[in-house]
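Have a look at the structure below before the remarks.
The values are calculated or read from the model by the stated rules, or taken from the named source; none is laboratory data. Model, not experiment: these values are computed from the prediction. Reconstructed Cβ throughout: ideal geometry from the backbone, glycine too, with neighbour counts over all protein chains shown.
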Amino acid sequence: MMSLKTQINFKLNGQPVTVTVPVTMNTLTMLRDELDLTGTKYACGEGECGACTIRLDGKTINSCLMYAVDCDGREVVTIEGLKSGETLHPLQQAFVDHGAIQCGFCIPGMIMQADYLVENNPDLDRARIRRGLEGNICRCTGYTKVLDAITSVVESRE
Amino acid sequence: MNKKTIATHIEKTTLIGQRVRKPDAADKSTGKTRYINDLVLPQMLYGKILHAGRPHAQIVSIDTTAAEQLPGVHGVLTGKDVAGLKFGFVRDNVALKETVRCEHDEVAAVAAETEEIASQALGLIKVEYKDLPGVFSPEDGRREDAPLIRGDFPGNKSLHFAFEHGDLTAAEAESDIIVDNVFKVHHVTHCCMGTSCAIADFDNNGKLTIYSQTQYPYNYKMDLAPALGMHPGDIRVIQPPVGGAFGSKLDVYPYEPIAALLAKKTGRPVKVLYTREEEFKSAPTRQPAVIHMRTGCKKDGTLTFRSADVLLDNGAYTSWGPTIPVVMMRTVSGHYRVPVIAYNAQAIYTNNPYAGSFRGYGNVQTTFATAQQIDMLAEQLDMDPIEFRLMNAQKPGERTPQQAFLRECALDKCLTTAADATDFVTRQKEYGLLRNSDSRYKKGIGIASSIHNAGGAKIHKSDGCGTMLKVDDYARATLITGASEIGQGIDTVISLIVAEELGIPVEHVTLMNNDSDLAPWDVGVHASRTTFIAGEGARRAAVKARQQILNAASTFAEISADELDLRDGFVVRDKEGSIVIKLEKLLRQMHFQPEPELVMVTDYYEPNSEPEGADHISNMSAAYSHAVHIAEITVDTWTGEIKVDKITSAQDVGRVISRAGLEGQTEGGIAIGLGYALTEDMQLEDGMLKNPCFRDYKVITAPEMPELDLHFIEDGCAEGPYGAKGAAELPTIVIAPAIANAFYNATGVRILSTPLSPEKVVRALILAQQADVSSSDSMATAAVS
């Protein structure tokens, strides 16, 4: 019953890794169960909620929808990879400072998506941030403070 | 925070009402927080549940042989293993069933080495069912010829609640206007981002440790015990961080005893974690209801009576959902000054999913009716809508017919604040005049208000909270409380309060509140009670510790304790702010003196309220509060889409403690209320859920979130900590009727059922057009059905 396994090599949060995974395993499960990176969350398993958002070669993807083997040769960044040393990433700090975190379960995915939006949109404003977050569900905050936090990071880079 | 050290002097500041960072936010932002969903114990097995997938059936036979023989499977359980282990509010539930009464009913459970093996084992269990005719609405369930869902509940009747006050016949006779409508509210569910999870582990003395998402650890032990045939004292509840709760974790659900029973059978820790589909199908819902409401008033605008006949869809089992009439009746009898009340509520067993508690707890449903009828009366009277509300708004010191004592009451201020902020009266008139224009898009503005308990709710014998506080030799404080953190931010509130009293940084306060063996009694996170009750308990404990410290400082410095204060980690002279001694130095001196003392205090706070009681005449909360929402909307009359442009909220919060936390709770509460009003809908066909996924069950996302203008009314409260009142539920309660009233303002059509979905809106508009009436209650009722 165990599915065929294969070895893959990729860059994870800046470091090269080698793992052997079942070919049917998705990236989310590999990150959580094989690599113990539990910051990336399961909340729907079908790409609707954004809780499992990671960066793959710079883009954001729902890691629940991608086979782990497809990470081979690529560059993956998870929420654990954002912090540099002991310093929180500016987005992480902004979410903390603006009270954008309640239960916090959606926040890692939210921050990964925000990171992509901030990095790739020179004209990012509140309306575009809203649009860019439509794939990330939060049940606690009503998004307002999340938007405040991301907007503050955009404004501080200008 | 915000304190300046000027040489040897420290000025007095306060943390109350400040923006304070949530203590767990940094870890949550980095993915470091280990939620219950992330936890793995050594030797842990994975439990999976076989759900019936049919609404009503007898289990003729069940064969688990193949599942048991599958390598990696360590235990299989079925209904015969739990015979007699009934649990639930009226003891009508068992962890594993021999008769199926709803789609998600648990038929068998497996514990295996991996989730994959457990799932495979479920597929090997052979069950033969004999399907039975079902009941899928409370209206059908109470018919004489309805199939009986449970032999022990004749007529499918579950809980019943009634309250009467005054002479209804006389009140009707003296009424000049009576509005009479049937409102229908639907099934929605909590959609916690972290799906349901429990991890159970027995030690070799027979004691169970259960890692749980519960938001009421003490009564949870009591409720879980009968499902396991155990004594509650032999259960330890650990509460790791959770991905939301919103009331859904205020009961025991079958997956929890199943995890424990599998752990007992296998002798290993067992984790049960729902998939999102299971979560949609098996988690509790908000209680659906049919509300027949009548409200009367005189020509001069004085309200005369309100009656409500409520029929609730109990679902297949009785959790907390069917108890919501207790809260509903408080709004029926207390939302504005209504002298005569006739209230009757009956819950009927059906083969639908069953409801639990959900933020707003019945008040969401009732306010949808009361606030629309107040709006209808204002229009029929042709009175200024705010004047009409103000003349009927209760004042401080009044009592409701149920004897809720409104010691402080700021409804009038909430009304005028929200109305002034939006120029409500003028704009309502303007939009009303434009409603018959040819424009595809129509604008509307609507107002709604409600009342909710804001000082706990004494539905148990006790509504109290125990607190323990120690201050160590390094001037670090640890507060141990029974109050749970489920994301709502009680951690911030309590840390802030302790820091305020002890004059130490918020970061120097540690909160311990996740282990029932450690923390003292608390009734749980519900009824908007935690800031009020656990916050007051923390304040009282901190005041005791503060007094002990000041007394010791007084002896040390030979200055009266009354003249001393604690600021920024120092003991100072209160007036001048001049430093007397560093706090941690004093604490060590207290510890190492010839007669040593440690700062360790306890407190038990029981709010000044009365038990709800069977007659429902009591001051059941130590405070009450009101909120007013004004919704501004744009209706696309072609597609039926309602866009909410802005919500203006004015809420009596007594006093703000944790400002960012309160704003966050209000904004999040509004989002859940918006989903209820507009987009969320559990589509049930003969008891089977057709949309168990986020693709088809639409919660509010960032683009739909309107502009918010929040006003907190701070008139204080005699009993709450620093004057604070409970606040977390009202934002969810008031929004749907504000939108429904705005929709009426925009179109002249009433929609009396939730949600105001595009399909329903278009149908209502077409029906109204066909009848060539712009405003008609009969049409509105047609639109509902």
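The figures follow:
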| item | result |
| --- | --- |
| Filtered residue count, the range A:127-155, keeping only those that are more than 19 Å from A:Ile54 (Cα to Cα) and of a type in the set (A, V, I, L, M, F, W, C) | 6 |
| Subset tally (residues that are within 11 Å of the chain's Cα centre (by Cα) and more than 10 Å from chain B (Cβ to nearest Cβ)) for the range A:23-44 | 1 |
| Members of the range B:9-42 found to be of a type in the set (S, T, N, Q) and closer than 23 Å to B:Gly244 by Cβ, listed by number | B:Ser29, B:Thr30, B:Thr33, B:Asn37 |
| Given (1) crowded, with 24+ Cβ neighbours inside 10 Å; (2) facing another protein chain (nearest Cβ under 9 Å); (3) under 12 Å from the mean Cα position of the chain (by Cα), index of the condition A:Ala114 fails | (2) |
| B:Tyr722 vs. criteria surrounded by fewer than 24 Cβ atoms within 10 Å (Cβ to Cβ), on the phi > 0 side of the Ramachandran plot, in the same structural domain as B:Arg359 (by TED's automatic domain parsing) and among the hydroxyl-bearing types (Ser, Thr, Tyr) | yes |
| Helices (runs of 4 or more DSSP H) contained entirely in the range B:680-779, each with at least 1 residues that are at pLDDT 95 or above and more than 26 Å from B:Ala454 (Cα to Cα) | B:735-747, B:758-770 |
| Residue check, A:Gly14 more than 10 Å from chain B (Cβ to nearest Cβ), surrounded by fewer than 20 Cβ atoms within 10 Å (Cβ to Cβ) and touching a Gly at 6+ places or on another chain (Cβ under 9 Å) | yes |
| Every residue from the range B:140-149 that is part of a loop (DSSP other than H, G, I, E, B) and surrounded by fewer than 18 Cβ atoms within 10 Å (Cβ to Cβ) | B:Arg142, B:Arg143, B:Glu144, B:Asp145, B:Pro147, B:Leu148 |
| Residue in the range B:24-43 that is nearest to B:Thr510 (Cα to Cα), counting only those that are touching a strand residue (DSSP E or B) at 6+ places or on another chain (Cβ under 7 Å) and within 12 Å of chain A (Cβ to nearest Cβ) | B:Ile36 |
| Selection count, the range B:76-103, where residues are small (Gly, Ala, Ser) and touching a helix residue (DSSP H, G or I) at 6+ places or on another chain (Cβ under 9 Å) | 2 |
| Top-ranked residue of the range B:257-282 - restricted to ones that are among the small types (Gly, Ala, Ser) and buried (at least 22 other Cβ atoms within 10 Å of the Cβ), ranked as farthest from B:Leu752 (Cα to Cα) | B:Ala263 |
| Count of the range B:288-329 residues which are within 16 Å of the chain's Cα centre (by Cα) and closer than 27 Å to B:Gly455 by Cβ | 10 |
| Strands (runs of 3 or more DSSP E) enclosed by the range B:458-569 - at least 2 residues per element that are surrounded by 24 or more Cβ atoms within 10 Å (Cβ to Cβ) and in contact with an Asp or Glu (Cβ under 7 Å, 6 or more places away or on another chain) | B:465-471 |
| Checking B:Ile258 against (1) closer than 17 Å to B:Asp223 by Cβ; (2) in contact with a Phe, Trp or Tyr (Cβ under 7 Å, 6 or more places away or on another chain), the condition it does not meet | (2) |
| Residue identified as in contact with a strand residue (DSSP E or B) (Cβ under 6 Å, 6 or more places away or on another chain), in the same structural domain as B:Gly748 (by TED's automatic domain parsing), modelled with pLDDT of 95 or more and farther than 30 Å from B:Thr602 by Cα among B:Lys442, B:Lys429 | B:Lys442 |
| Count - residues of the range A:59-79 that are touching a residue at least 40 places away in the same chain (Cβ under 8 Å), surrounded by fewer than 22 Cβ atoms within 10 Å (Cβ to Cβ) and over 9 Å from the mean Cα position of the chain (by Cα) | 9 |
| Residue match in the range B:651-660 (condition: at the interface with chain A (Cβ under 9 Å from one of its Cβ atoms) and either outside any loop (DSSP other than H, G, I, E, B) or at pLDDT below 95 (or both)) | yes |
| Qualifying residue in the range B:47-57 (condition: over 32 Å from the mean Cα position of the chain (by Cα) and over 25 Å from B:Met230 (Cβ atoms)) | yes |
| Qualifying residue in the range B:129-139 (condition: part of a strand (DSSP E or B), hydroxyl-bearing (Ser, Thr, Tyr), out of contact with any Leu (no Cβ under 9 Å at 6 or more places or on another chain) and within 30 Å of B:Thr78 (Cβ to Cβ)) | yes |
| Out of A:Cys103, A:Cys138, sole residue that is closer than 23 Å to B:Gly194 by Cα and more than 7 Å from chain B (Cβ to nearest Cβ) | A:Cys138 |
| Listing of helices (runs of 4 or more DSSP H) fully contained in the range A:81-158 that carry 2 or more residues being closer than 24 Å to B:Ile486 by Cα and in contact (Cβ under 8 Å) with a residue 40 or more places away in the chain | A:90-97, A:107-120, A:144-157 |
| Some residue of the range A:65-73 being closer than 27 Å to B:Gln215 by Cβ and in contact with a Ser or Thr (Cβ under 8 Å, 6 or more places away or on another chain) | no |
| Given (1) within 14 Å of chain A (Cβ to nearest Cβ); (2) touching a residue at least 40 places away in the same chain (Cβ under 8 Å); (3) more than 31 Å from the chain's Cα centre (by Cα), index of the condition B:His9 fails | (1) |
| Selection status of A:Cys52, under 13 Å from the mean Cα position of the chain (by Cα) and either within 14 Å of chain B (Cβ to nearest Cβ) or more than 19 Å from A:Gln113 (Cα to Cα) (or both) | yes |
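For every residue, the table says whether it meets (1) away from chain A (no Cβ under 14 Å); (2) farther than 24 Å from A:Asp148 by Cβ; (3) in contact (Cβ under 8 Å) with a residue 12 or more places away in the chain; (4) crowded, with 20+ Cβ neighbours inside 10 Å.
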{"position": "B:Glu641", "(1), (2), (3), (4)": "yes, yes, yes, no"}
{"position": "B:Glu680", "(1), (2), (3), (4)": "no, yes, yes, yes"}
{"position": "B:Asp686", "(1), (2), (3), (4)": "yes, yes, yes, no"}
{"position": "B:Pro692", "(1), (2), (3), (4)": "no, yes, yes, yes"}
{"position": "B:Pro703", "(1), (2), (3), (4)": "no, no, no, no"}
{"position": "B:Ile713", "(1), (2), (3), (4)": "yes, no, yes, yes"}
{"position": "B:Ala718", "(1), (2), (3), (4)": "yes, yes, yes, no"}
{"position": "B:Thr732", "(1), (2), (3), (4)": "no, no, yes, yes"}
{"position": "B:Ile735", "(1), (2), (3), (4)": "no, no, yes, yes"}
